[in-house]
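The values are calculated or read from the model by the stated rules, or taken from the named source; none is laboratory data. Note that the structure is a prediction, hence the values are computed from the model and not measured. So basically every Cβ, Gly included, is an ideal-geometry build from the backbone, and we count neighbours across all protein chains shown.
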C-alpha cells in the first residue's frame, strides 16, 4: 500500500508544555483514519504542523514522499481546521472563487461541490447569514474544490446539532466511498468508530496506537454469562485454559477470552458439565472500552 | 501575478471599510485639488493660492503632492482594515492551508499597496496637469517636468507609509492596537526630533532679524515617519509671500537621503512582515 503521509518523531513544545511528544504514524492511501484523543491531546497541533501553519520543534514528515509541506502539496489536500474561516461579507460563491484561484481550480467546480453539500441554492447569500451547520458544510465544499487526494477534518461535527452531525457524517461517508483518503480528528469515539477503518490514538501528545480499529487490542472479546449456580460456573470457567480473566459484575460473570472459543463450543462444554446457562453473550470490546483500556495501560 | 490580483480583487472589492475609505480618500483628493483655485485661509491669513504662485509649474507638484499627502491616512486605513481582517478572522491561516504560500500572500498585499499608491499618484498627476494648464503662468515643457521628482517622491511616500502600516498590522493584528501603536510611534518621533533639535541646533539671526541658522542633518530625520515626510518638503517656504518676507530665494534640491532611507525602510518592513509570517505559529 502506498503511504500518503509519514510522520517521524514529531514534537511541538509551547513554552514548557509538550503539546506533541515525538509521535510517529503513517497514513495509507484509500483508508479513513481517525485521530483520536481527548481535548488537549495534540490533535489540532499535529494537523497544524502537517498543514504548515505551525512550526514543529523537532521531527520530520513527508506527504506523497516529499519532505515537509510544500505549497503544491497543500493544493492536493483538502483541510478543515477548527471553525470555518471565510470572508464573512462575501457570498458563498465568491468565497469559493477565492479558494479556486488559490488552488488553481476552474470555477466550474463551485457548483459541483455546492451540490455535494446541499448549498447550491444559498450560493449567492453572504457567509455571515449561514448557520453553523451550513458554514461547516461550506468548509467541506471548499476543501473538496480541488478533488483532493486527502481530506483532513478537525472535529468537523463540533458544536453542531444532531441533524447537522448526521448531514456532515453522511457527506464524509460519501466522500470516503469515492476512495478519498480521510484523516479525521475527533474526541468522539463513537464518531471515529462509525466512520473510520483505522485509528491513531493520542494522549497528552504521545501516540498510543496506530493501526486498524479492529486490531486495536490483542483481546479476542469476552463472554457475559449467567447461571443458577454461579459458583460452579465460575469454578468451571477457571479450570478452562481459554480464559485469561474472570470477574463478577452485576450478578453476571465476565470471562475475557485468551484462546479463541465460540459461544457454541462453550455452551456444549458447560452442558457436558451439567451447568445450564440462563444468559450467554459473546462480545468484542467497543472502541470506547479499548480506548479506555489503552489509556489506562499507558498511565 | 494576475492570479494574485484576482484574489485581492475578490477579497477586497466588496469589503465595507475598503469602499468607505477609498471613496472618502479619492473624493477628498479630487475635491481638494479642485478647491485649490479658490481662496483658503492659512495661518489666519486668507491667501489666494493662485496669487502665491502655487499653481505655477513647477512648484504646483510640490504643492499638490504635499497637501494630498496629508490625506494618506485614509489609504492607510484601507490597508489596516483589510490586513487586520485577514489575521483576526484566521483567513491568512486558511489561505495557507488552501495552498497560498506566505510569499504569494505577502506579494499580493504588496501589489495592492502598489496599486493604491499608483492610483493616487495618477490622480494627483492628472489634477496637476489640468490645474497647471488652466492656471500656470507658463506651460513650457521643461518647466512642467523640472520638478517631476515630486511625483516619484509622492509615490514613494505613500508606498513606504503603507508598508510600515502593513508591518505593524501583521505584527499586532488588531485594528485598535495598530492605531494605538501608530499614534505612540508618531508622538515618540516628534518628541525625539524636538529633543535633538533643542540640543544640537543653535538658532542664529542676523541684524535684520532673518533666520540664518545653519542647516545640519539631524539623526532623527532618519526615523521612518520623519524620513517619509522629508520626501515631499512643505511648500510654504517657496510661496511669494514668505519669500518676500525672508528675502531669500527658494532653491529646490532632491532629498536623496530621504529617498534612500525610505526605500531602505520599505525593504526592512516587508522583510519583517515576511519574517513574522514565517516564524509565528498560526
Q: Kindly check whether there is at least one residue in the range A:273-292 that is surrounded by fewer than 16 Cβ atoms within 10 Å (Cβ to Cβ), touching a residue at least 60 places away in the same chain (Cβ under 8 Å), part of a helix (DSSP H, G or I) and under 34 Å from the mean Cα position of the chain (by Cα).
A: yes
**Q.** Count of residues meeting criterion [in contact (Cβ under 8 Å) with a residue 24 or more places away in the chain and outside any loop (DSSP other than H, G, I, E, B)] in the range A:103-134
**A.** 12
Q | Subset of the range A:228-263 [more than 36 Å from the chain's Cα centre (by Cα) and in contact (Cβ under 8 Å) with a residue 24 or more places away in the chain] | A | A:228, A:229, A:232, A:233, A:236, A:240
**Q.** From A:62, A:44, residue being more than 9 Å from chain B (Cβ to nearest Cβ) and touching a residue at least 60 places away in the same chain (Cβ under 8 Å)
**A.** A:44
Q) Which of the residues belonging to the range B:205-225 are part of a loop (DSSP other than H, G, I, E, B) and modelled with pLDDT under 75? A) B:206, B:207, B:208, B:209, B:210, B:212, B:213, B:214, B:215
**Q.** Of all residues in the range B:50-72 being buried (at least 21 other Cβ atoms within 10 Å of the Cβ) and modelled with pLDDT under 80, the one that is farthest from residue B:233 (Cα to Cα)
**A.** B:55
Q) Assuming residue A:95 fulfils every condition listed in (1) farther than 30 Å from residue A:8 by Cα; (2) surrounded by fewer than 19 Cβ atoms within 10 Å (Cβ to Cβ); (3) more than 8 Å from every other protein chain (Cβ to nearest Cβ) apart from one, which condition is it? A) (2)
Q.
Which of the numbered conditions does residue A:52 fail, given that it passes all the others? Conditions: (1) on the phi < 0 side of the Ramachandran plot; (2) free of Cβ contacts under 8 Å to residues at least 60 places away in the same chain; (3) within 12 Å of chain B (Cβ to nearest Cβ).
A. (1)
Q: Confirm whether residue A:147 is touching a residue at least 40 places away in the same chain (Cβ under 8 Å) and closer than 22 Å to residue A:123 by Cβ.
A: no
Q) Among the residues of the range B:145-159, is any surrounded by fewer than 22 Cβ atoms within 10 Å (Cβ to Cβ), part of a loop (DSSP other than H, G, I, E, B) and in contact (Cβ under 8 Å) with a residue 40 or more places away in the chain? A) yes
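Does residue A:84 satisfy the condition of being without any contact (Cβ under 8 Å) to a residue 60 or more places away in the chain, more than 21 Å from residue B:277 (Cβ to Cβ) and more than 7 Å from chain B (Cβ to nearest Cβ)? It would help to see each step written out before you state the result.
Numbers: without any contact (Cβ under 8 Å) to a residue 60 or more places away in the chain: yes; more than 21 Å from residue B:277 (Cβ to Cβ): yes; more than 7 Å from chain B (Cβ to nearest Cβ): yes.
Yes; evaluated as a whole, the condition is true for this residue.
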